[in-house]
Every structure is written in structure tokens, then in C-alpha cells.
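Have a look at the structure below, then the notes.
The values are calculated or read from the model by the stated rules, or taken from the named source; none is laboratory data. As the structure is a computational prediction, the values presented were derived from the model and not from experiment. Please note: Cβ atoms are built from the backbone with ideal geometry, for glycine as well, and neighbour counts cover all protein chains shown. All accessible areas refer to the heavy atoms of the entire protein, side chains included, with ligands and DNA or RNA removed. Shrake-Rupley method; radii C 1.70, N 1.55, O 1.52, S 1.80 Å.
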Amino acid sequence: MEAAKYPMRLVTRRTGLTSHLIRAWERRHGAISPHRTPTNRRLYSDEDVERLELLRDATAAGHSIGQIAELETVELRRLVAELRPGGRPSAEGAPALDAGAVQREALAAVTAFDPQRLENVLSRAAVSLSQNAWIEAVVVPLLHEIGDRWADGSLSVANEHLASAVVRTVLGNMNETIGREEAAPRLVVTTPPGQLHELGALLVTVWAASEGWNSTYLGPNLPTADIAAAARIRRAQAVGLSLVYPEQDPDLAGELRNLRRRLQKGVMILVGGRAAHHYRDVLEEIEATVVHDLQDLRETLRRRRSN
């Protein structure tokens, strides 16, 4: 039996696949069976890495992972060899992603009310990108475009709800499969009472995990006493809040003040979302850090981690 010697971080570097996708292929489809150490760390052999590269290229070409996961490696080699002239693709990385083409195909799926097609489009795009690059290049522009089209009437509320449900599912699956270091700085993410839109909070949870934080998503619309309790139990260095709608909730200022009173000293409150600027005065009062976009979030998390 071939020795398993590569940890996950080297496998992701060699294949161009994200760790969450590798784990999902293993867990859901049995596509690969890495060796487990006594401490439950995954180790991969050269054959494992080759198999992942073959699965990467086949799914990037449009094949469903569910249909090809059970193929023997020799069959995968044959399948991939037929995709390009000249035989087997190189192992230098996943094919380049055309983000514009992905967005057009995703919008077509949304317009056609085809959730499975939309999920397949998003999942295929994740093959070519890191988790954060996928969020930044695919998910955020797609959600903005859908929001703009809903606003101008070219997409219905039903279209928007379908897209949100699929993105929520994909992000939730990704969040479940991301590896987190127990010793990493901790962040809990949610939306406060009255804020029901959760996609921003889920995006932040996945983004922070990819930045090396041990992030925990608590769900939306959470009482501030419960947010503070979760932060205390998790020994969190920061609490992330997403504020999207409503933009003028008269009760929210009091909830935010209550959260600050209940949090332990030194716990940072991070706030983002398109409604955040409407609550600027109370956010300044409670000394919250407002993040304006994902790059701002990355820099804030990195500064906090280095302190």
C-alpha cells in the first residue's frame, strides 16, 4: 500500500482545490479515502493527489462529482484524457475561472427557477478558487447583480429568494467542512434581534475561517443576551454582526448597547452590512468597528490577530 505523506495544506497547494471541497467530496461522495493519523489528521498519498487532480479537471469540465466519484482512477484518467488534446492535463492547478461566464450561467439558472443548476454552477466555480476568492469573485458580485435586477423589476422576489436559499445552502455546507484550529483566535457571528438576513453573516463566518480564525456561526435574529453568552462560552475575542434590513429599527440601538454591556472587557464588536451606516451614532458609542467590505474585514482580522 502506498504511503500517505501529504497533509491537507500541501494537497490544497498542489491541486488548487479548497480544503472544504476536498472534505465534502470525501464525506458526501466517498471520492477519496485519506489515511487518518492517531490524532485524526488526514494524510494523502501520491495516488490520492492524482485522483483529486483528475476529479478537479473532470468537474471543471462539467461532469457531476456525484456521477464520477465512484470511478476507478484508471477510468478517471481515461475520462480526463478525452477532455483535452494531448492527453492528461497537467497538475499545475485548476483551470482559470471566467467569473463573468459563471455569473451569466448563475443568473440564467436563477431566471429559470432551477436551484440544482445554480448549485452546480457555484460548486464548479469553487473548484478553481480558494474559499475567499470564490466569495469575492463569484458570490458577492452575483448577489449584488441579483439585488440590482430585483430593484429594477427584471427579477422577481421569488427569483431572489431562490438564489438566496441556494447560496445559503452552499455557504452552510462550506462552513461545515472548513477545518478550524482549536488554538486560533475565536469569533462568533450572527445578526442581532430584528435582523433576519443571514447571508452576510454566513459569508463573514467562512471568510474569517479562511483567514485563520476559529469562527462560529450562531444563526440570525439572536437576542443580545444569548450573543454575549455564546461569546463568553466560546472565549471569543470578537463578535461579528451583520446589519442589512430594516435600516431604521428604533429598538436596535438599545439592543446594541445591551450587547456591549454584557460582553466581557476587550471583546471587539465587528459590524458590517448595507444598513450599518444608518446606526453610525450608536456604533460609535459602543466602540464597534465598522467594516465596509471584505478587504476591510481581512485587514481588521489580521490586525486583531497580530495584537
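Listed values, structure above:
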read-out	value
Of the criteria (1) open to solvent by 30 Å² or more (accessible area, probe 1.4 Å); (2) under 14 Å from the mean Cα position of the chain (by Cα), which one Pro220 fails	(2)
Only one of Val121, Val166, Val157 that is touching a Pro at 6+ places or on another chain (Cβ under 9 Å) and not acidic (Asp, Glu)	Val166
The stretch 243-267: number of residues that are open to solvent by less than 20 Å² (accessible area, probe 1.4 Å) and touching a residue at least 60 places away in the same chain (Cβ under 8 Å)	3
Of the criteria (1) open to solvent by 30 Å² or more (accessible area, probe 1.4 Å); (2) within 14 Å of Pro185 (Cα to Cα); (3) in contact (Cβ under 8 Å) with a residue 24 or more places away in the chain, which one Ile233 fails	(3)
Count of the stretch 258-301 residues which are within 17 Å of Leu203 (Cα to Cα) and of a type outside the set (Gly, Ala, Ser)	16
Condition check for Arg304: modelled with pLDDT under 90 and open to solvent by less than 90 Å² (accessible area, probe 1.4 Å)	yes
Scope the stretch 113-138; condition open to solvent by 50 Å² or more (accessible area, probe 1.4 Å), of a type in the set (S, T, N, Q), assigned to a helix (DSSP H, G or I) and touching a residue at least 24 places away in the same chain (Cβ under 8 Å); matching residues	Asn120
Index of the failed condition, Leu143 passing every other in (1) among the hydrophobic types (A, V, I, L, M, F, W, C); (2) surrounded by 16 or more Cβ atoms within 10 Å (Cβ to Cβ); (3) at pLDDT below 85	(3)
Any pair with Cβ under 7 angstrom, 6 or more apart, that starts in the stretch 28-43 at a residue that is assigned to a helix (DSSP H, G or I) and ends at one that is modelled with pLDDT of 85 or more	His29/Ala69
Whichever residue in the stretch 268-295 is loosely packed, with under 14 Cβ neighbours inside 10 Å and of a type outside the set (Lys, Arg) and, among such residues, is farthest from Pro193 (Cα to Cα)	Gln295
Selected residue (only one of Leu218, Leu203 is in contact (Cβ under 8 Å) with a residue 40 or more places away in the chain and either over 21 Å from Ser306 (Cβ atoms) or small (Gly, Ala, Ser) (or both))	Leu203
Which numbered condition Arg235 fails, given (1) within 21 Å of the chain's Cα centre (by Cα); (2) at pLDDT 95 or above	(1)
Qualifying residue in the stretch 6-14 (condition: in contact with a Pro (Cβ under 9 Å, 6 or more places away or on another chain), free of Cβ contacts under 8 Å to residues at least 24 places away in the same chain and either under 18 Å from Val170 (Cα atoms) or open to solvent by less than 50 Å² (accessible area, probe 1.4 Å) (or both))	no
Failed criterion for Pro141 (all others in (1) assigned to a helix (DSSP H, G or I); (2) within 30 Å of Val267 (Cα to Cα) hold)	(2)
Residue within the stretch 66-79 that is open to solvent by 40 Å² or more (accessible area, probe 1.4 Å), modelled with pLDDT under 85 and out of contact with any Pro (no Cβ under 9 Å at 6 or more places or on another chain) present	yes
